[in-house]
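Here the structure is laid out as structure tokens; the discussion comes afterwards.
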Amino acid sequence: MKRGDWIALACAGLVVGALAFWPQDATREERAERVVAMADKWAGEIAFEPSYDALAPSGEALPAASAFSPAAVSSFDPSDPYSGLPRNDGYELVAGYCSGCHSLQIVMQQRHDARTWDGLLTFMVSQGMPAPEAAERANLISYLSRNFGAQPPAP
Amino acid sequence: MSGSPTRRALLAGGAALPLVGTAEAQEGAKAGLAALGDRPLVQETPPHLLDEEATPAARFFVRNNGQVPEIPAAVEGWRLRIDGEVERPLDLTLAQLKRDFESATLRLVIECAGNGRRFFRPAASGNQWTFGGVGCADWTGVRLRDVLQRAGVKRSAVYTGHYGADAHLSGDPQKTAISRGVPIAKALEAHTLIAWAMNGADMPVMNGHPLRLIVPGWPGSCSQKWLTRIWVRDREHDGEKMAQYRMPAYPVAPGTEVPESDMEIIESMPVKSLITFPPTGARVRFGGALDVRGHAWSGDVEVAHVDVSIDFGATWTRASLAPAANRYAWRRFRASVRPPEQGYYEIWARATDAQGRAQPASPPGWNPHGYCNNQQHRVAVFVT
């Protein structure tokens, strides 16, 4: 064979090889299967959380992705004597003070910083909650803002 | 509509719905509703369970502020007192209300002012309602107007103050669970009812049996349950939680601490809609049209139209809007959409009122107590 023929053959080989490995469009059936797989994996709820904070356009103040996930809200456990309260310092105080008039379910739905929790305690005392002494109050606020803070705790 | 192929296709998929918790062990709790609280009982209705024209009693949301009262078996002797700025204070039994006044049946929406609170950032304290703190039933009773006119409203009357039989959560008899009111003009509207029946039957105790107010278009808290007294006031009512159901008088940045002097009582509620079919998470077969339906309602300003989008709000399709059964009833909307290919779609619905105000795509003006979030409802659909 002449030199030109070899080049032509090499080129043809390259084309055939490239075609073999070139990404092929998925078939219609494959795509349909992928949509079904996507539906199977779906979390079950549209994220309604705002994803853009106009006050922090660069995103530094965006809430963590887990903020208000259904899992965080549903941590209420009626079969647990402490209703599923996270077991860290102060949970017995919270159970004692907050569940006199209402269940802990409403407590565990809230996400507030310490200042707002402090204001809520003041309101609750006006509604008949026994006033906790200073040390207990500090402990309550610390627990609530640590476990049910404006930003959720790290998982 | 119920026999359409799309519906049959949907039934296979079903909807995965988030449950905040269950309260089914609680007496009076309604099966299938999501519990926001079990003591006091607070339950919201998943949107796909609100598909009927009139919400069945078993699916009507529950919002309690105090302890549920003991209701006597014989309720005809239930008493309602009308006093304050009236010529002739009245002490009426339920039997007298039924016998001595013209009764009316109206389809009326009740919506909790905090419906949608969960989506405000920073979070607002209170029950974290998503979309289901709303219902629309056929209520039978007498017009509050007729009862007030029988008592003779004095010129000095400014506001009503409503009282019910529910005790304060603390059990303290000196405290009131909730006592809200409305300006006399709203109380005298033809659609403000003292109701004893819901959808032609006694209403559930959790919804106020044997007697409640219905103040349509305004926060649900105005519609006092277990009604025992209406105190006609010569000033704005100052009962329990009158200070709470308020919004800033001017728009505030998220998280702002607003002085009480700058907070104003919520009156008419904003325009809103809910997609009740298909249920979120539904799978529909590719090819052909997908029927979408739901309800739209508003406060004192009527709904003008509803639009539906399946491309994240890029384009909108005008839905058909059925006439309201009466003023303050929600209106059925229907649309037919054609997903162009297989994949994940969100159906968004956007109602607009007669003053041109539409539902926003994200939560409107942040406010400290998280009221009046009328953002667009969305459902997810997989076209397979």
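Filtered by the rule that a residue be open to solvent by 20 Å² or more (accessible area, probe 1.4 Å) and within 14 Å of chain A (Cβ to nearest Cβ), region B:107-122 gives B:Arg121, B:Pro122. Based on this model, can you work out whether B:Ala73 counts as outside any strand (DSSP E or B), crowded, with 23+ Cβ neighbours inside 10 Å and of a type in the set (A, V, I, L, M, F, W, C)? Here the answer is no, as B:Ala73 does not meet what is asked. With respect to the conditions (1) within 14 Å of chain B (Cβ to nearest Cβ); (2) within 23 Å of B:Val42 (Cβ to Cβ); (3) at pLDDT 95 or above, A:Val94 falls short on a single one, namely (1).
Annotation: B:Val271 fulfils all but one of (1) touching a strand residue (DSSP E or B) at 6+ places or on another chain (Cβ under 6 Å); (2) farther than 29 Å from B:Arg327 by Cα; the unmet one is (2). Among the conditions (1) open to solvent by 50 Å² or more (accessible area, probe 1.4 Å); (2) in contact with a Gly (Cβ under 9 Å, 6 or more places away or on another chain), B:Met269 misses just one, which is (1). Would you check if B:Ser320 is in contact with a Ser or Thr (Cβ under 8 Å, 6 or more places away or on another chain), modelled with pLDDT of 95 or more and not assigned by TED's automatic domain parsing to the domain that holds B:Ala104? No. Inspect all residues belonging to region B:262-274 and state whether any of them is within 14 Å of chain A (Cβ to nearest Cβ) and either modelled with pLDDT under 95 or part of a helix (DSSP H, G or I) (or both). Within region B:262-274, none of the residues are within 14 Å of chain A (Cβ to nearest Cβ) and either modelled with pLDDT under 95 or part of a helix (DSSP H, G or I) (or both).
Looking at this structure, is B:Ser103 under 25 Å from the mean Cα position of the chain (by Cα), modelled with pLDDT of 95 or more and open to solvent by 10 Å² or more (accessible area, probe 1.4 Å)? Judged against the criteria, B:Ser103 is a match. A:Glu49 passes all but one of (1) within 16 Å of the chain's Cα centre (by Cα); (2) at pLDDT 80 or above; which number fails? All conditions are met except number (2). The number of residues in region B:373-384 that are crowded, with 24+ Cβ neighbours inside 10 Å and out of contact with any Lys or Arg (no Cβ under 9 Å at 6 or more places or on another chain) comes to 1.
Which residue, of A:Val125, A:Val94, A:Val107, is without any contact (Cβ under 8 Å) to a residue 60 or more places away in the chain, surrounded by fewer than 17 Cβ atoms within 10 Å (Cβ to Cβ) and of a type in the set (A, V, I, L, M)? Result: A:Val125 is the single residue among A:Val125, A:Val94, A:Val107 that is without any contact (Cβ under 8 Å) to a residue 60 or more places away in the chain, surrounded by fewer than 17 Cβ atoms within 10 Å (Cβ to Cβ) and of a type in the set (A, V, I, L, M).
Within region B:139-150, the set of residues being buried (at least 20 other Cβ atoms within 10 Å of the Cβ) and either within 14 Å of chain A (Cβ to nearest Cβ) or in a helix (DSSP H, G or I) (or both) comprises B:Leu144, B:Val147, B:Leu148. Candidates B:Arg327, B:Arg332: the one that is surrounded by fewer than 22 Cβ atoms within 10 Å (Cβ to Cβ) and assigned to a strand (DSSP E or B) is B:Arg332.
The values are calculated or read from the model by the stated rules, or taken from the named source; none is laboratory data. As the structure is a computational prediction, the values presented were derived from the model and not from experiment. Using ideal geometry, Cβ is built from the backbone for each residue, glycine included, and neighbour counts are taken over all protein chains shown. For accessibility, only protein heavy atoms count, side chains too; no ligands or nucleic acids. Shrake-Rupley method; radii C 1.70, N 1.55, O 1.52, S 1.80 Å.
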